[in-house]
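Novice: What follows is a structure written as structure tokens; I'll ask about it next.
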There are 2 protein chains.
Amino acid sequence: MEGLKKLIKNDAQSKIILIVLDGVGDLPVKDSKTPLELAKTPNLDNLASRSATGLHIPVDYGITPGSGPGHLGIFGYEPLKYEIGRGILEAVGVGLEVKDTDVAIRGNFATVKYENGLPIVIDRRAGRIPTEENKRLIKYLSENIKKIDEAEVILCSGKEHRFSLILRFPYKLSHFFEKINDTDPQSTEKPPLLPTGENPEAEKVALIARKFIEEAAKLLKNEPKANYVLLRGFSVKPALEPFPEKFGLKSACIAVYPMYKGLARLVGMDLITFEGESIDAEVKTLKEAWQDYDFFFVHIKKTDSYGEDGNYEGKISVIEEFDRHFLEIVSLNFNVLAITGDHSTPCIMKSHSWHPVPVLINSPYCLGGLSLRLTERECLKGELGIFPSFKLMQLLLAHAGRLTKYGA
Amino acid sequence: MEGLKKLIKNDAQSKIILIVLDGVGDLPVKDSKTPLELAKTPNLDNLASRSATGLHIPVDYGITPGSGPGHLGIFGYEPLKYEIGRGILEAVGVGLEVKDTDVAIRGNFATVKYENGLPIVIDRRAGRIPTEENKRLIKYLSENIKKIDEAEVILCSGKEHRFSLILRFPYKLSHFFEKINDTDPQSTEKPPLLPTGENPEAEKVALIARKFIEEAAKLLKNEPKANYVLLRGFSVKPALEPFPEKFGLKSACIAVYPMYKGLARLVGMDLITFEGESIDAEVKTLKEAWQDYDFFFVHIKKTDSYGEDGNYEGKISVIEEFDRHFLEIVSLNFNVLAITGDHSTPCIMKSHSWHPVPVLINSPYCLGGLSLRLTERECLKGELGIFPSFKLMQLLLAHAGRLTKYGA
């Protein structure tokens with residue numbers, strides 16, 4: 001909502017926990033039931049029956065969100081209004097810190113042959129070289145290309161043939177906004193495209209990118225497979241009002257995977273580092289950091305991973321594991337506890353989907369008594385109805401007593 | 001959604017059937033039940049329990065749609081954004097093909113007396129002359145007025161005193177947009193208004209319309225009742241992106257009534273012609289055309305007609321007739337089957353109404369198990385919730401696997 005900021009109470013002391021079970025929404029997998037319906041979750045059930053429930057639509061009716069739009073929505077930013085460029089998402093996904101003065105680019109190692117000195121792409125993914133090979137090459141490139149013109153060059157390996165490239169400028173680019181074409185010709189037996197900028201500022205970046213490609217090609221020329229680089233998704237950080245200011249919340253992220261930590265950093269949350277990767281480790285971290293923040297975003301990844309694999313038993317087991325840790329979370333002295341997903345990942349589709357995502361909000365100010373469980377079908381009966389995901393934060397603030405009245 | 005087009009997969013092969021039972025939504029008529037609730041529909045019930053269900057709002061809360069906005073919505077065009085002029089709707093309703101270079105106008109035969117040569121309206125509807133009389137007069141006018149200045153004149157009878165007039169120009173009018181006033185003075189004992197254009201292009205059209213009115217008055221001067229014409233709803237074809245391009249679907253319309261065939265043509269669907277007017281004939285046509293299209297809009301009119309008559313038994317019988325043909329439809333190898341109405345036509349109101357319309361979407365990617373039947377009350381329990389009608393097409397595309405992910 002426009003003007004929400006005027007309603008935010010700056011002196012509120014209440015604490016909000018938002019737990020995101022990535023891709024938790026699903027479709028029937030067995031006996032016409034979904035993983036959430038099949039999972040045994042006595043602790044969660046108990047809370048659901050005393051909470052406000054509903055479902056949220058991540059982007060729009062029928063629209064399947066990527067991880068970027070999925071999280072932007074639950075963080076309160078309208079996903080159709082704010083876009084996260086592919087280069088930024090890749091950088092964030094490999095764990096790079098992205099600054100306001102950066103242009104982030106998604107890179108592929110590729111294989112080219114030369115015809116009269118002209119490179120011709122023969123494999124756009126360099127035979128999907130092993131990640132270890134990628135790491136060796138990125139180390140070599142990093143040591144030899146540190147700066148091009150005024151831009152600092154930052155490189156980081158991704159998986160197989162993929163890497164992330166950041167061109168860090170000494171100032172913020174103000175007219176950039178993804179105005180440089182991808183260099184990947186999208187098929188083989190063609191020369192790579194030259195990066196070209198659509199405006200003078202983008203052209204300056206494009207020229208630096210050309211130089212990077214040339215230097216990388218020289219350094220890689222004796223590699224049997226990865227002898228060239230293709231660049232895609234040139235992008236800058238989206239112009240988002242930072243989450244802590246937008247909602248008046250000192251905010252922390254507890255997550256394991258770089259992508260989600262990166263998304264939280266993009267919107268300005270603090271990252272809490274911790275040992276281990278289990279739900280147990282995340283809950284322990286939440287308890288330890290309890291005094292330091294107003295808002296905790298806790299991300300649990302494995303529900304989505306099992307969904308993508310079509311492994312519904314795996315997905316059920318993660319949900320049940322979460323339920324076993326639930327009493328510990330509930331014992332914290334929170335004012336609002338919300339549990340949801342960023343999107344659905346139905347096991348039968350092995351991919352993200354558009355289906356609305358169950359959500360539960362527990363606070364002293366709920367109607368409750370409508371849903372017996374946190375499931376797709378039970379939440380349809382709930383008091384929140386079906387609503388756009390970017391409205392969730394308003395609801396959390398309201399339930400936390402952090403919003404004043406609108407109008408007299 | 002803005003930008004939907006970027007998400008459409010161009011190589012998808014899936015098939016979608018959209019069946020519109022015109023005005024099917026209703027209110028209680030007997031034993032507190034609606035016609036959909038009173039109808040015996042075993043085949044439809046069986047499908048409903050395995051489908052995604054909900055209700056759609058045609059225009060906005062409390063707003064009753066005409067046939068134009070009702071269909072624009074389910075065709076995926078926001079009815080409050082795209083308006084179909086009255087003249088266009090009248091032309092389409094009498095079965096005229098409307099071209100991009102046409103100005104379409106709704107005409108009334110009227111009765112005038114002359115005072116000092118000035119016409120004074122004494123009956124705005126010429127005593128609702130019989131339709132046969134109308135046909136005779138239109139034939140006579142058509143034979144005598146073929147062209148005015150650069151505009152070809154096309155006339156077609158409607159019911160009673162109504163007719164449709166098209167002024168067909170040799171080029172597209174670019175600044176027109178319904179800028180000519182109606183000539184009907186809206187009460188008797190007043191002279192008809194002169195058509196006047198609000199901009200130079202509209203004025204050019206208005207002058208041609210004046211000449212048409214003068215010539216028609218001369219030709220009709222000896223008629224006892226229909227001795228004058230009033231013109232209303234000057235309009236051009238709405239600037240809609242054609243449905244097949246907008247949604248990437250080779251699209252066909254199977255309908256009996258000119259209005260609905262015309263609306264489908266307006267958005268660029270192909271019309272399939274066939275013998276007969278029964279649901280049986282429509283289903284047979286659907287089967288025959290099956291290989292040729294991705295998307296089928298099947299329109300069944302009689303539910304609305306009986307609603308307008310307040311005849312709930314008639315409405316129930318049409319719903320039951322549809323159910324008997326249902327197994328034939330279900331036996332087609334579709335990917336998505338949707339059944340709904342374009343609006344409600346409650347028998348107790350004998351008119352269109354604003355009430356949300358039940359909708360069912362069947363595909364392999366439904367939660368299902370929530371509504372036992374396709375009725376107003378059962379669909380309220382469904383997974384689609386209550387949504388704007390113009391979002392329906394997004395949902396159909398998603399369920400047909402025709403949309404890629406939004407964002408990375």
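The values are calculated or read from the model by the stated rules, or taken from the named source; none is laboratory data. Note that the coordinates shown come from a computational prediction; the quantities given were computed from them, not determined experimentally. Reconstructed Cβ throughout: ideal geometry from the backbone, glycine too, with neighbour counts over all protein chains shown.
Novice: Only one of (1) surrounded by fewer than 22 Cβ atoms within 10 Å (Cβ to Cβ); (2) over 23 Å from the mean Cα position of the chain (by Cα) is not met by B:Cys379, so which one is it?
Specialist: Exception for B:Cys379: condition (1).
Novice: Another question about this same structure. Got at least one residue in the range B:397-408 being closer than 29 Å to B:Lys30 by Cα and touching a Cys at 6+ places or on another chain (Cβ under 9 Å)?
Specialist: No; the residues of the range B:397-408 include none that is closer than 29 Å to B:Lys30 by Cα and touching a Cys at 6+ places or on another chain (Cβ under 9 Å).
Let's see how each residue does on (1) under 18 Å from B:Val359 (Cβ atoms); (2) of a type in the set (Phe, Trp, Tyr):
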{"residue": "B:Lys9", "(1), (2)": "no, no"}
{"residue": "B:Ser14", "(1), (2)": "no, no"}
{"residue": "B:Leu21", "(1), (2)": "yes, no"}
{"residue": "B:Leu38", "(1), (2)": "no, no"}
{"residue": "B:Leu44", "(1), (2)": "yes, no"}
{"residue": "B:Ser51", "(1), (2)": "yes, no"}
{"residue": "B:Gly76", "(1), (2)": "yes, no"}
{"residue": "B:Tyr82", "(1), (2)": "no, yes"}
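Novice: Just give me the residues in the range A:299-335 being in contact with a Cys (Cβ under 9 Å, 6 or more places away or on another chain) and surrounded by 22 or more Cβ atoms within 10 Å (Cβ to Cβ), in sequence order.
Specialist: Correct list: A:His299, A:Tyr306, A:Gly307, A:Tyr312, A:Lys315.
Novice: Look through B:Glu78, B:Glu37 and report the one residue that is part of a loop (DSSP other than H, G, I, E, B) and either of a type outside the set (Val, Ile, Thr) or under 30 Å from B:Lys190 (Cβ atoms) (or both).
Specialist: Sole residue among the options that is part of a loop (DSSP other than H, G, I, E, B) and either of a type outside the set (Val, Ile, Thr) or under 30 Å from B:Lys190 (Cβ atoms) (or both): B:Glu78.
Novice: Follow-up. Based on what the data block shows, is B:Lys30 under 30 Å from B:Lys284 (Cα atoms) and modelled with pLDDT of 95 or more?
Specialist: no
Novice: I've got another one for you. Taking the residues in the range B:18-67 that are in contact with a Ser or Thr (Cβ under 6 Å, 6 or more places away or on another chain) and among the polar types (S, T, N, Q) as candidates, determine which candidate is farthest from B:Thr375 (Cα to Cα).
Specialist: Among them, the one singled out is B:Thr64.
Novice: Right, here's the next one. Please find, within the range B:386-408, the residue that is nearest to A:Ser32 (Cα to Cα) out of those that are more than 7 Å from every other protein chain (Cβ to nearest Cβ) and not in a loop (DSSP other than H, G, I, E, B).
Specialist: Only one residue tops the list, namely B:His399.
Novice: Since A:Val121 meets every condition but one in (1) outside any loop (DSSP other than H, G, I, E, B); (2) within 13 Å of another protein chain (Cβ to nearest Cβ); (3) more than 30 Å from A:Ser251 (Cα to Cα); (4) in contact with a strand residue (DSSP E or B) (Cβ under 9 Å, 6 or more places away or on another chain), which condition does it not meet?
Specialist: A:Val121 satisfies every listed condition except (2).
Novice: Take B:Leu240 and decide whether it is surrounded by fewer than 23 Cβ atoms within 10 Å (Cβ to Cβ), hydrophobic (A, V, I, L, M, F, W, C), touching a helix residue (DSSP H, G or I) at 6+ places or on another chain (Cβ under 8 Å) and farther than 24 Å from B:Glu288 by Cα.
Specialist: So B:Leu240 passes the test.
Novice: Looking at the range B:23-42, which of the residues that are among the small types (Gly, Ala, Ser) and in contact (Cβ under 8 Å) with a residue 40 or more places away in the chain is surrounded by the fewest Cβ atoms within 10 Å (Cβ to Cβ)?
Specialist: So, considering only residues that are among the small types (Gly, Ala, Ser) and in contact (Cβ under 8 Å) with a residue 40 or more places away in the chain, the one surrounded by the fewest Cβ atoms within 10 Å (Cβ to Cβ) is B:Ala39.
Novice: Mind checking which pairs have a first residue in the range B:1-15 that is within 13 Å of chain A (Cβ to nearest Cβ) and a second that is part of a helix (DSSP H, G or I) and of a type in the set (Phe, Trp, Tyr), Cβ under 8 Å, 6 or more apart or different chains?
Specialist: So the pair list comes out as B:Ile8/B:Phe247.
Novice: Still on this structure, please answer the following. For A:Val298, indicate whether it is under 21 Å from A:Thr345 (Cα atoms) and of a type in the set (Val, Ile, Thr).
Specialist: yes
Novice: Follow-up. Can you tell me how many residues in the range A:92-149 are of a type in the set (Ser, Thr, Tyr), surrounded by fewer than 15 Cβ atoms within 10 Å (Cβ to Cβ) and within 21 Å of the chain's Cα centre (by Cα)?
Specialist: Total satisfying the criteria: 0.
Novice: Among the residues that make up the range A:330-342, is at least one of them away from chain B (no Cβ under 14 Å), touching a residue at least 40 places away in the same chain (Cβ under 8 Å), of a type in the set (Phe, Trp, Tyr) and over 16 Å from A:His56 (Cα atoms)?
Specialist: Yes, the range A:330-342 contains at least one residue that is away from chain B (no Cβ under 14 Å), touching a residue at least 40 places away in the same chain (Cβ under 8 Å), of a type in the set (Phe, Trp, Tyr) and over 16 Å from A:His56 (Cα atoms).
Novice: Being within 14 Å of chain A (Cβ to nearest Cβ) and in a helix (DSSP H, G or I) is true for just one of B:Glu383, B:Glu378, B:Glu308. Which residue is that?
Specialist: B:Glu378
Novice: Looking at (1) more than 8 Å from every other protein chain (Cβ to nearest Cβ); (2) of a type outside the set (A, V, I, L, M); (3) not in a helix (DSSP H, G or I), find the lone condition where A:Tyr61 falls short.
Specialist: Tallying (1) more than 8 Å from every other protein chain (Cβ to nearest Cβ); (2) of a type outside the set (A, V, I, L, M); (3) not in a helix (DSSP H, G or I), A:Tyr61 fails exactly one: (1).
Novice: Keeping to the range A:43-58, report how many residues are assigned to a loop (DSSP other than H, G, I, E, B) and surrounded by fewer than 21 Cβ atoms within 10 Å (Cβ to Cβ).
Specialist: Going through the range A:43-58 one residue at a time, the tally reaches 2.
Novice: Filter the range B:16-49 down to residues that are more than 14 Å from chain A (Cβ to nearest Cβ) and either on the phi > 0 side of the Ramachandran plot or small (Gly, Ala, Ser) (or both), then give me how many there are.
Specialist: So the answer is 6.
Novice: Still on this structure, I have one more. Determine, yes or no, whether A:Thr345 is more than 16 Å from A:Ile19 (Cα to Cα), among the β-branched types (Val, Ile, Thr) and away from chain B (no Cβ under 13 Å).
Specialist: The answer is no for A:Thr345.
Novice: Only one residue in A:Ile319, A:Ile361 is more than 14 Å from chain B (Cβ to nearest Cβ), within 23 Å of the chain's Cα centre (by Cα), closer than 24 Å to B:Tyr365 by Cα and of a type in the set (A, V, I, L, M, F, W, C). Which one?
Specialist: The conditions single out A:Ile319.
Novice: Among the helices (runs of 4 or more DSSP H) confined wholly to the range A:171-280, which include 3 or more residues that are touching a residue at least 12 places away in the same chain (Cβ under 8 Å), more than 28 Å from the chain's Cα centre (by Cα) and within 30 Å of A:Lys113 (Cα to Cα)?
Specialist: Once the helices (runs of 4 or more DSSP H) in the range A:171-280 are filtered for at least 3 residues that are touching a residue at least 12 places away in the same chain (Cβ under 8 Å), more than 28 Å from the chain's Cα centre (by Cα) and within 30 Å of A:Lys113 (Cα to Cα), what remains is A:200-220.
Novice: Further question on the same structure: Quick check on A:Gly70: is it out of contact with any strand residue (DSSP E or B) (no Cβ under 8 Å at 6 or more places or on another chain), buried (at least 24 other Cβ atoms within 10 Å of the Cβ) and within 14 Å of chain B (Cβ to nearest Cβ)?
Specialist: Yes; evaluated as a whole, the condition is true for this residue.
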